[in-house]
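**Student:** Quick one: the structure is below, questions incoming.
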Amino acid sequence: MTEKKNTLILKPTKENIEKAAKIIRDGGLVAFPTETVYGLGADAMNADAVGRIYEAKGRPSDNPMIVHISRASDIGQLTRMLSPQIVEIIDNFWPGPLTIVVKKRPEVPDRTTGGLDTVAVRLPDNEIAQALISASCCPIAAPSANLSGGPSPTRAKDVIADMMGRVDAIIEGDDCRVGIESTVLDLSGEEPTILRPGIITAEAIEAALGREVKYDASLTEAAQHVQLDPANGVDEADFQPKSPGMKYKHYAPKAEMLIVEGERNKVKSEIERLKTMNEKLGNSVGVILFEEKAFLEAAHDFFARLRDLDSEGVDMILAGALSDSDGVGFAVMNRMLKSAGYNIVKV
Ligand code: TXA
Ligand code: MG
């Protein structure tokens, strides 16, 4: 770890946004709200500044960053090729919670893209994020503002808990509207491919493009439901997700976590049964059970619930699986399965 920083906590006033923008221009780190989750930002074109993000998060340095811009036309600084498909997606979904992966310009540092020849670009619809990027006069590389491996931060207090002393400033905005990270859509090749699901669904993207959109193989049900454990007959070498962020331990709460999947009433009673059994044996148990079909609400609350249960110090979290036949339900399940280390029982 580098030396402890004196972290400024800034209300999102015009003056403070200017102050934060200057920190970014000078190569520093600023955490800021977006509509999805809080981001940890640095000047995307400054390799040293981007290196500091990896240090602050404790993140492996081959994990590429999403580069945030405040006007669609700024994408020209990052890529030279805007295919009709890319233009269509930008027209339909920006600003908003959709990241696109495109071929990168040579000027974009390898540090920012984890050595890939593509770059992930996003235009958030959050006003504070837009004001910060615009005042910084540079694209901002920003992963989620959590310590690597933990749940993404959806509230200013979550960022403060993880990043105090590690970054130069934290902009204190409202709770994030969406609550899970943006959909990542790879448009660098022929076939549009979803690398990470989010609230912009495959269905919505297919409607905009008028063609089929695939999920990356690592997202398919079979791959999701197996543990990355050679004892289960799955070799990690067979499981190479295209989005490099998908291969690390992710979103994990401090507590042990188990997902219960099945018909609603059975899930409820199994969770009740396991809770009672565990409590009898001296473990404290937290439960995450969303309303059936309240997918957006589940997205909004999921990471915050994990963090709150960790703050309460529970030993074990029991979570009811959501239906993944809905695109947003699928996106939340993607996070839930990773948080639980793919620990799931069916009833
Ligand atoms: O909603 C979001 O996207 C948030 C906010 C802050 O904007 N950011 C975020 O960043 O979730 P991060 O770093 O936690 O996740 C970035 C994801 C990772 O899974 C990473 O592997 C993938 O995007 N990614 C980034 N660049 C890529 C590239 N060139 N090719 C493929 N995947 C890429
Ligand atoms: Mg993240």
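**Student:** Sorting Ile86, Ile170, Ile53 on the 10 Å Cβ count, fewest up front, what's the list?
**Tutor:** Arranged by neighbour count, lowest to highest, Ile86, Ile170, Ile53 become Ile86, Ile53, Ile170.
**Student:** With unit charges on the beta carbon (Lys/Arg positive, Asp/Glu negative), name the residue among Ile288, Met333, Pro64 whose Cα is farthest towards the positive pole of the charge dipole of the chain.
**Tutor:** Farthest along the dipole direction, towards plus: Pro64.
**Student:** Tell me which of Leu306, Tyr342, Ile317 sits at the most positive position along the dipole axis of segment 256-346, charges placed on C-beta atoms (Lys, Arg +1; Asp, Glu -1).
**Tutor:** Towards the positive end, the residue furthest out is Tyr342.
**Student:** Of the candidates Gly165, Gly179, Gly282, which one comes out as most mobile in a Gaussian network treatment of the chain with C-alpha springs shorter than 10 Å?
**Tutor:** With Cα springs under 10 Å in the chain, the top fluctuation among Gly165, Gly179, Gly282 is at Gly282.
**Student:** Follow-up question, since we're still on this one. Relative contact order of the chain: what whole-number percent is it, with Cα pairs under 8 angstrom and at least 6 residues apart?
**Tutor:** Relative CO of the chain lands at 20 percent.
**Student:** For segment 269-347 and segment 135-191, what is the separation of their C-alpha centers, rounded to whole Å?
**Tutor:** Measuring centre to centre over Cα atoms gives 23 Å.
**Student:** With a 10 Å cut-off between alpha carbons and a GNM built on the chain, which of Asn146, Asn16, Asn63 moves the most?
**Tutor:** Among Asn146, Asn16, Asn63, the largest mean-square fluctuation in the Gaussian network model of the chain belongs to Asn16.
**Student:** Find which of Leu123, Ile24, Ile86 sits farthest along the positive direction of the dipole of segment 1-157, computed with +1 on the beta-carbon of Lys and Arg, -1 on that of Asp and Glu, about the Cα centre.
**Tutor:** About the Cα centre, the residue reaching furthest to the positive side is Ile24.
**Student:** Can you pull the one-decimal nm distance between simple spin-label points at Glu107 and Glu127, each 7 Å off the Cα toward Cβ?
**Tutor:** 3.1
**Student:** In the structure displayed, which of Lys11/Lys104; Lys104/Lys214; Lys22/Lys103; Lys103/Lys338; Lys268/Lys338 lie more than 31 Å apart, Cα to Cα?
**Tutor:** Lys11/Lys104
**Student:** Nearest-5 percent of antiparallel DSSP beta bridges in segment 8-215?
**Tutor:** 50
**Student:** Against the longest principal axis of the chain, how steep is helix 84-93, in degrees 0 to 90 to the nearest 10, with axes from Cα atoms?
**Tutor:** 70
**Student:** Please give the helix 327-339 orientation as an angle from the longest Cα principal axis of the chain, in degrees from 0 to 90, rounded to the nearest 10.
**Tutor:** Tilt of helix 327-339: around 80 degrees.
**Student:** In nanometres, what is the gap between the two model label sites at Lys22 and Ile9, each 7 Å from Cα along Cα-to-Cβ?
**Tutor:** 2.2
**Student:** Tell me, what is the FRET efficiency for Asn343 and Asp175 to the nearest 0.05, using R0 = 22 angstrom and their Cβ-Cβ distance as r?
**Tutor:** Using R0 = 22 Å, I get an efficiency of 0.20.
**Student:** Here's a follow-up. Counting other Cβ atoms within 10 Å, which GluC sites (Glu not before Pro) in segment 122-224 have at most 10 and lie in a DSSP loop?
**Tutor:** Sparse-neighbourhood loop GluC sites (Glu not before Pro): Glu190, Glu212.
**Student:** How do His68, His300, His250 rank when sorted from fewest to most other Cβ atoms within 10 Å of their own Cβ?
**Tutor:** Going from least to most buried by this count: His250, His300, His68.
**Student:** Could you run the Debye sum over the Cα atoms of the chain, one equal point scatterer each and no solvent, and tell me log10 of I(q)/I(0) at q = 0.06, 0.12, 0.14 Å⁻¹, two decimals?
**Tutor:** -0.21, -0.85, -1.15
**Student:** For each of Val287, Val119, Val178, count neighbouring Cβ atoms within 10 Å of the residue's Cβ, then give the residues from fewest to most.
**Tutor:** Ranked by crowding around the Cβ, least crowded first: Val287, Val178, Val119.
**Student:** Considering the chain as a Gaussian network with a 10 Å cut-off on Cα pairs, which listed residue, Val260, Val101, Val67, attains the greatest mean-square fluctuation?
**Tutor:** Val260
**Student:** Sticking with this structure for a sec: What do you get for the angle between helix 14-25 and the principal long axis of the chain? Use alpha-carbon atoms, 0 to 90 degrees, nearest ten.
**Tutor:** Result, in degrees: 80.
**Student:** Compute the length gained on full extension between Lys254 and Ser61: take 0.36 nm times their separation in residues and subtract their Cα-Cα distance, giving the result in nm to one decimal.
**Tutor:** Working it through step by step, the gained length comes to 67.1 nm.
**Student:** OK, next. For the residue pair Asn92 and Met164, what label-to-label distance in nm results when each label sits 7 Å from Cα along the Cα-to-beta-carbon direction?
**Tutor:** 4.4
**Student:** Can I ask one more? I'd like the chymotrypsin sites (Phe, Trp or Tyr not before Pro) in segment 248-291 restricted to DSSP loop residues with at most 16 other Cβ atoms within 10 Å, sorted by number.
**Tutor:** Tyr248
Taken together, the values in this text are just the output of simple stated rules run on the coordinates, not laboratory data. Quantities reported herein were computed from a predicted structural model and do not represent experimental measurements. Glycine gets a Cβ as well: all are built from the backbone with ideal geometry, and neighbour counts include every protein chain shown.
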